[in-house]
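Undergrad: This is the structure I have questions about; it appears just below.
Values quoted throughout were computed directly from the atomic coordinates according to the rules given, and no laboratory measurement underlies them. For clarity, every value in this text was computed on a predicted model and none was experimentally measured. Every residue, glycine among them, receives a Cβ derived from its backbone with ideal geometry; neighbour counts consider all protein chains shown.
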Amino acid sequence: GAGVSQTPSNKVTEKGKYVELRCDPISGHTALYWYRQSLGQGPEFLIYFQGTGAADDSGLPNDRFFAVRPEGSVSTLKIQRTERGDSAVYLCASSLTRATEQYFGPGTRLTVT
Amino acid sequence: AQKVTQAQTEISVVEKEDVTLDCVYETRDTTYYLFWYKQPPSGELVFLIRRNSFDEQNEISGRYSWNFQKSTSSFNFTITASQVVDSAVYFCALSDMNTGFQKLVFGTGTRLLVSP
């Protein structure tokens, strides 16, 4: 079956602009996660959704970052007033339940110039 | 706080050699999960294994095997008879069982290069 998909695969934006990154989880997966991976590092947790609600957003670096999952499926990560330090690969993962293993998408590489 | 250390930044081997990737973790939790993921050049993290802290039995899956030792807080990964397709970055990760979901804490990864 289809895995986790993320769009766009690459996004280049100018400092100060607003961006949206989209994640389509595996069908039927109730849990959805966003991670950020900087060059040469492991992924770092950003936010977790169970259904439509953000159950844990403790990893969001500041209030410029926001994520939604209005219908409990597709999720959008939104970054306002982007900064060069936001440049990274943003990974989305989903799992059947909150207790099962996570399957990752290919990521969106964000470059802020 | 939880922490995962993968001290080997990069390992180079020749095909058919065995290779072990080290993972040492720190956690105050008594119940937790440990994971290994593979990240090939395409970038997508591929799930390999999850072990819970109650089960210290070693696991073997084909050419892959994992050695979990609570006494040394280690969860090492061995690839037997390595192949060029094994070339990737491998991440070890940890999550506790108390948060109600699996909040993965990753190590910095080990890049494995298998040459023909």
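Undergrad: Which percent of Cα-Cα pairs in chain A sits in each 5 Å bin, short to long?
TA: Once binned at 5 Å, the Cα pair distances of chain A give 2, 13, 24, 27, 19, 10, 4, 1.
Undergrad: Something else now. Averaged over peptide B:98-109, how many Cβ atoms belonging to another chain are found within 10 Å of each residue's Cβ?
TA: 6
Undergrad: Connecting C-alpha atoms closer than 10 Å in a GNM of chain B, tell me which of B:Gln57, B:Gln39, B:Gln69 has the biggest fluctuation.
TA: Per the Cα network of chain B with a 10 Å cutoff, B:Gln57 tops the list.
Undergrad: Of the residues B:Arg28, B:Arg50, B:Arg63, which exhibits the maximal mean-square fluctuation in a Gaussian network model of chain B defined by a 10 Å Cα contact cut-off?
TA: Among B:Arg28, B:Arg50, B:Arg63, the largest GNM mean-square fluctuation belongs to B:Arg28.
Undergrad: If you don't mind, there's one more thing I want to ask. Could you tell me how many cubic angstrom of Cα convex hull volume segment B:1-69 has per residue?
TA: 121 Å³
Undergrad: Per residue of A:45-58, count partner chain C-beta atoms within 10 Å of its C-beta, then hand back the mean as an integer.
TA: Going residue by residue through A:45-58 and averaging, the value is 2.
Undergrad: Quick one: if the Förster radius is 30 Å, what FRET efficiency do B:Val24 and B:Phe47 give, using the C-beta to C-beta distance and rounding to 0.05?
TA: It comes out at approximately 0.90.
Undergrad: If you don't mind, there's one more thing I want to ask. Run through all the Cα pairs of chain B and give the fraction in each 10 Å bin from 0, expressed as whole percent.
TA: Spelled out bin by bin, chain B gives 14, 48, 30, 7, 0 percent.
Undergrad: Oh, and also: Of the candidates A:Leu32, A:Leu91, A:Leu60, which one comes out as most mobile in a Gaussian network treatment of chain A with C-alpha springs shorter than 10 Å?
TA: A:Leu60
Undergrad: Okay, moving on. What translational diffusion coefficient, to the nearest whole µm²/s, does the protein assembly as shown have by Stokes-Einstein, given a Kirkwood radius computed over alpha-carbon pairs, a temperature of 25 °C and 0.890 mPa s viscosity?
TA: This corresponds to a translational diffusion coefficient of 135 µm²/s.
Undergrad: At q = 0.22 Å⁻¹, work out log10 I(q)/I(0) for segment A:38-87 with the Debye formula, treating every Cα as an identical point scatterer and leaving solvent out; two decimals please.
TA: -0.88
Undergrad: Continuing with this model, one more query. Convert 20 °C to kelvin, take the viscosity as 1.002 mPa s, use the Kirkwood radius over C-alpha pairs of segment A:1-55 as Rh, and evaluate the Stokes-Einstein diffusion coefficient in µm²/s, rounded to a whole number.
TA: Result for D is 162 µm²/s.
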